[in-house]
Amino acid sequence: MSPARRAQYLQAIGIDRWIPRIALGEAASPAPEPSAPAGESCARPGPDALTQTAPEARWQALRAEILQCKKCPLHEGRTQGVVGVGNREADWMVIGEAPGAEEDRRGEPFVGRAGQLLDAMLRSIGLSRDSNVYIANILKSRPPGNRDPRPEEVAACLPYLMRQIELVRPKLLLAVGRIAAQNLLGTDAPLARLRGRVHHFGERNTPLVVTYHPAYLLRSPADKRVAWEDLKFARSVMAGRPTDGERS
Ligand code: URA
């Protein structure tokens, strides 16, 4: 097969560079791997360039699409698309609603006041965005004035999140807030009815647990106790020993 044809096939399945093993052993060193964008981490490339390059290329393509996306009018008012942050191989994936002003400015999810509370919530169960969680939102662009996402915006943006979930393949999804929970579960049920039990998401039946959005908890600190129960519940689900999802 000609090198050009092979490159075409490999590109079609998400591999943008293929180095025959023999060439790795004898030729000059290959071009360096593209580095992960700030805020995201992934495993160091192993010896098998073929298998390591595929996810990296898919992440890069996804990132480029999100940054250039004009599928809904939100692109007109945003500073930048906000892709995600954390460990791309994490067992936990946290899904929020949409970037706020600070996230729009910095290009990273949950970096404002709500983000600080989210970090504290995660730390309370031994997790951190730097090591064992990947964080993304339903929408990648900031809605003006932090209004709720519109159905057509969610419809345009959700495929990006689906691709992120497929790439991370988390063992558990934690939906924070009504917007994330309702859109992932395809329901209008109020959050109080969705929390406290295990749902399942997508073809992989990934367990999904719902809790309050940290921005809501900043406004209603009395519910932090309930959110804490949700986090402990999620941890028990991850451990394979779900406790009663205490409804408080
Ligand atoms: N709220 C969200 O839902 N996501 C963010 O990234 C920031 C605030």
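Could you check how much of the accessible area of the range 54-238 is carbon and sulfur, as a whole percent, using a 1.4 Å probe? Carbon with sulfur: 47 percent of the solvent-accessible area. For Thr206, the residues whose amide H sits under 5 Å from its own are Phe201, ignoring neighbours fewer than 5 places away on the same chain, with H placed 1.01 Å from N. The mean of 1/r over all pairs of different alpha-carbon atoms in the range 54-238, once inverted, gives a Kirkwood hydrodynamic radius of 16.3 Å. Residues in the range 54-238 average 44 Å² of solvent-accessible surface per residue, probe 1.4 Å, ligands and nucleic acids excluded. For the range 54-238, lysine pairs separated by 8 or more sequence positions, or belonging to different chains, with Cα-Cα distances below 24 Å total 5.
The values are calculated or read from the model by the stated rules, or taken from the named source; none is laboratory data. These figures come from a predicted structure and were not determined experimentally. Please note that ligands, DNA and RNA were not included when accessible areas were found on the heavy atoms of the full protein model with its side chains. Shrake-Rupley method; radii C 1.70, N 1.55, O 1.52, S 1.80 Å.
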